[in-house]
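Please read the structure below before turning to the comments.
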Amino acid sequence: MTPQEITHALTAMFGDAVKINEPESWQIEGENLRLLVLLSEDQNWLRSLITIAPAQQAAPFLAQLLEANFDETQETRYALFQDLLWGVFSNTV
């Protein structure tokens, strides 16, 4: 996927909320959404980071998420950052 194709796809989904930070970085901030999309410099992989829930709401599920990180998710990781639970999805393109 080229940077232009990613820009087009994100703009089709999120309109003016799409901010292009670099040729390989896009950020979308909505009322209940924060999404960061990163494309590797060689355009071999794409990583998407998205907010899932406030950390307090996610707390009861942290043990399950950590277990999934270790056992099952393969290309998906979960993280707490800025008091939010984030999902980090990686994929080769």
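The values are calculated or read from the model by the stated rules, or taken from the named source; none is laboratory data. Keep in mind that this is a model prediction, so the values were computed, not measured. Reconstructed Cβ throughout: ideal geometry from the backbone, glycine too, with neighbour counts over all protein chains shown.
The figures follow:
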quantity: Count of residues meeting criterion [part of a loop (DSSP other than H, G, I, E, B) and over 14 Å from SER90 (Cβ atoms)] in region 25-40; calculated: 2
quantity: Answer residue from region 8-51, given it is among the hydrophobic types (A, V, I, L, M, F, W, C) and in contact (Cβ under 8 Å) with a residue 24 or more places away in the chain and is surrounded by the fewest Cβ atoms within 10 Å (Cβ to Cβ) among those; calculated: TRP45
quantity: Number of the exception - ILE28 against (1) under 16 Å from PHE81 (Cα atoms); (2) touching a helix residue (DSSP H, G or I) at 6+ places or on another chain (Cβ under 7 Å); calculated: (1)
quantity: Flag if GLU5 is out of contact with any Cys (no Cβ under 8 Å at 6 or more places or on another chain), within 27 Å of PRO54 (Cα to Cα) and loosely packed, with under 13 Cβ neighbours inside 10 Å; calculated: no
quantity: Residues (of a type in the set (A, V, I, L, M), closer than 21 Å to PRO3 by Cα and at pLDDT 85 or above) located in region 31-88; calculated: LEU35, LEU36, VAL37, LEU38, LEU39, LEU46, LEU49, ILE50
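Listed here are the residues, each with its yes/no results for (1) in a helix (DSSP H, G or I); (2) aliphatic (A, V, I, L, M); (3) out of contact with any Ser or Thr (no Cβ under 7 Å at 6 or more places or on another chain); (4) at negative phi.
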position	(1), (2), (3), (4)
ILE6	yes, yes, yes, yes
PHE14	yes, no, yes, yes
ASP42	no, no, yes, yes
THR51	no, no, yes, yes
GLN56	yes, no, yes, yes
PHE61	yes, no, yes, yes
ALA68	yes, yes, yes, yes
TRP86	no, no, no, yes
